[in-house]
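Only one structure is covered here, and it is reproduced in the block below.
The values are calculated or read from the model by the stated rules, or taken from the named source; none is laboratory data. These numbers were taken from a predicted model, which means no experiment stands behind them. Reconstructed Cβ throughout: ideal geometry from the backbone, glycine too, with neighbour counts over all protein chains shown.
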Amino acid sequence: MAGGQREGQASAALRIVIPEGAGAVLRNVAAVLARQISERCDAKVVLTGDAPVTVELAVEPGIGAEGFHITDGPKSTVRIVGNDEPGVLYGVGKFLRTSLYGRRGFTPGTWRGTLVPKCPFRAIYFATHFNNFYEAAPAEELKHYVEELALWGYNTILIHFPTWQFDSLSDPEARDWLGRFKALLAHAKQHGLRVGLLQAPNQGYKTPPADLRGVKVPGGRRGNFGVNLCASKPEAKELLIRMYDELLDEFKDVGLDYFELWPYDEGGCDCEQCRPWGARGFVGISRELAGLARAKFNGCKIILSTWCFENEDDANPDGEWVGLANALNEDKSWADYIMADGHDDYFPKYVLERGVPGDLPLVNFPEISMFGMTPWGGYGTNPMPAHFQMLWDRIKHQAAGGAPYSEGIYEDLNKAICAQFYWSPGRQAEDTVKEYLAYEFSPDRAEDLLEAVRIFEKNHRRDQISADATRAFDIVTSVETKLSEQVRRSWRWRIFYLRALIDKEMYEREGELTGEALKQAFQELTRIYHAENSHSMPIKPPQVE
Ligand SMILES: [Zn+2]
């Protein structure tokens, strides 16, 4: 894939061919390919007529679910063949990442071979709240972003309807929210992806009846906006079932492939009847709502999260893991996956030592957004390949996939790393980082930029920025002079560049957030994230007076 020497073979035009009578998904995948090439160089992309290079998209079953192969066809034709329509999309991703974009046009990648994903559940979870990027970005920009994530191998978009932000389903703000995100999910489906909803099953709207509210679960990590209901009170349970009956109906036209039940942060009730929530109250209401979702959506899979279940550091372990395992051993017919993970470096010991409750397939929930930095994303890109490699190595032999937790676009590199873990569990994070840097920035300078990424990770914590921040900035400024105009202007480059600049400034100022350079850098990040009106904490970059 080494760059410069092959730019001589670059083409000023490229033709995309799809089979006659191809369905909407394949036509949309062709449009994704065309847009990516047009955004990266000046080559003209056509669907008919002559061009020096032809890319043919096709579906031929037999490769393996969602897999693809890329082969040479006759006369300067590259064939991207998917086992199914999503497979074509992932093949297009690989083809795009191994191609070159130069001043003279487009040079098709020479990578040939077959790839089939290992994990079936390769989701990204958009935390759709706090007026973050997902709530604030223009709809078109968000749709394009979904396409770009799919090119790395994601096959599912998960979102959360934040009941606590609204009065009811008829609240105008709820209607706006539903309009925006139903359109987004529909867009994902039109590109061959799956979609799902993730909900804390006992969480009410803004002002639930006072007498139906639950008891706050002790402990600092379990979240409580004061709107959780007690799922053991018959009236509260009825209300919750009615709420979800209506909410799920909102997604009837989109069609949900996954429904995920979430225990804490938000969620939970610690009354006599619900305790321990994860093994009793949560199980009861989740089973009810799982049945509701399956009845409404054919083939809908149920994911049971264990987020913030007790761990061995809790002063009063209340038997949640054992209790859930017992409940599922009696009947697990209503659940398809268990999701488990923890904050920071923690992964639930119960799962590592005793296995997954109910012996269900395990999916993880890597925290790629908030780790070790506030405000989240406030300093530009936050790549942590070594951190995620360490986390993944503990469970890669048994995971069936996962869903990274995302608050925005600043963790784009971490998303690519996780997508490729799910696709190919043995792939090294740094290998993915190099492919990302070559594709998004420069194939010739990917090694140099990798050194900058290693420095970013070493300097991740804001009180530990060391002198090599200057070295990273030198690398980035030196690479910038060689980049195409398209790359220099792209948001991915800007958040990479700004991270190097901010770290250098913070090192020189011994952590003080002062001066014109930092002020402008934070303002630019705010614009890129559309964070002007987001909650100042935790989403909005620091503001320098
Ligand atoms: Zn209760």
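Could you give every pair whose Cβ atoms fall below 8 Å, whose first residue belongs to segment 164-192 and is aromatic (F, W, Y), and whose second residue is in a helix (DSSP H, G or I), counting only separations of at least 6 or pairs across chains? Qualifying pairs under 8 Å: F166/E173; F166/A174; F166/W177; W177/E135; W177/Q165.
Just one of the listed residues (Q203, Q190) is under 30 Å from C119 (Cβ atoms) and in contact with a strand residue (DSSP E or B) (Cβ under 8 Å, 6 or more places away or on another chain), namely Q203. If you check P138, P120 for being touching a strand residue (DSSP E or B) at 6+ places or on another chain (Cβ under 7 Å), surrounded by fewer than 22 Cβ atoms within 10 Å (Cβ to Cβ), modelled with pLDDT of 95 or more and not small (G, A, S), only one passes: P120.
Considering segment 464-486, and only residues there that are in contact (Cβ under 8 Å) with a residue 40 or more places away in the chain and of a type outside the set (S, T, Y), the residue that is nearest to G511 (Cα to Cα) turns out to be I465. Just one of the listed residues (E266, E320) is buried (at least 24 other Cβ atoms within 10 Å of the Cβ), at pLDDT below 95 and out of contact with any helix residue (DSSP H, G or I) (no Cβ under 6 Å at 6 or more places or on another chain), namely E320.
Using beta carbons and a limit of 6 Å, which pairs, at least six apart or on different chains, have the first residue in segment 226-251 and farther than 12 Å from G204 by Cβ and modelled with pLDDT of 95 or more and the second one outside any helix (DSSP H, G or I) and more than 13 Å from the ligand (Cβ to nearest atom)? Taking only residues 6 or more apart or on different chains, the pairs are E246/L169. Within segment 269-288, is there a residue that is assigned to a loop (DSSP other than H, G, I, E, B), among the acidic types (D, E) and within 16 Å of the ligand (Cβ to nearest atom)? Within segment 269-288, one or more residues are assigned to a loop (DSSP other than H, G, I, E, B), among the acidic types (D, E) and within 16 Å of the ligand (Cβ to nearest atom).
Taking segment 217-259 as the range and being assigned to a helix (DSSP H, G or I) and within 11 Å of the ligand (Cβ to nearest atom) as the test, the residues that pass are A236, K237.
Quick grid of which residues meet (1) more than 24 Å from T107 (Cβ to Cβ); (2) in a helix (DSSP H, G or I):
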position: Y436; (1), (2): no, yes
position: R445; (1), (2): no, yes
position: V453; (1), (2): yes, yes
position: R471; (1), (2): yes, yes
position: V487; (1), (2): no, yes
position: R499; (1), (2): yes, yes
position: I502; (1), (2): yes, yes
position: G511; (1), (2): yes, no
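Conditions tested, residue by residue: (1) within 30 Å of L14 (Cα to Cα); (2) more than 22 Å from the chain's Cα centre (by Cα); (3) small (G, A, S).
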site	(1), (2), (3)
D84	yes, yes, no
G109	yes, yes, yes
L115	yes, no, no
Y125	no, no, no
F130	no, no, no
F133	no, no, no
W152	yes, no, no
P162	no, no, no
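Within segment 357-406, the set of residues being modelled with pLDDT of 95 or more, surrounded by fewer than 21 Cβ atoms within 10 Å (Cβ to Cβ) and β-branched (V, I, T) comprises I395 only. For segment 69-114, taking the residues that are aliphatic (A, V, I, L, M) and either in contact with a Leu (Cβ under 8 Å, 6 or more places away or on another chain) or without any contact (Cβ under 8 Å) to a residue 40 or more places away in the chain (or both), the one that is nearest to P52 (Cα to Cα) is identified as V78.
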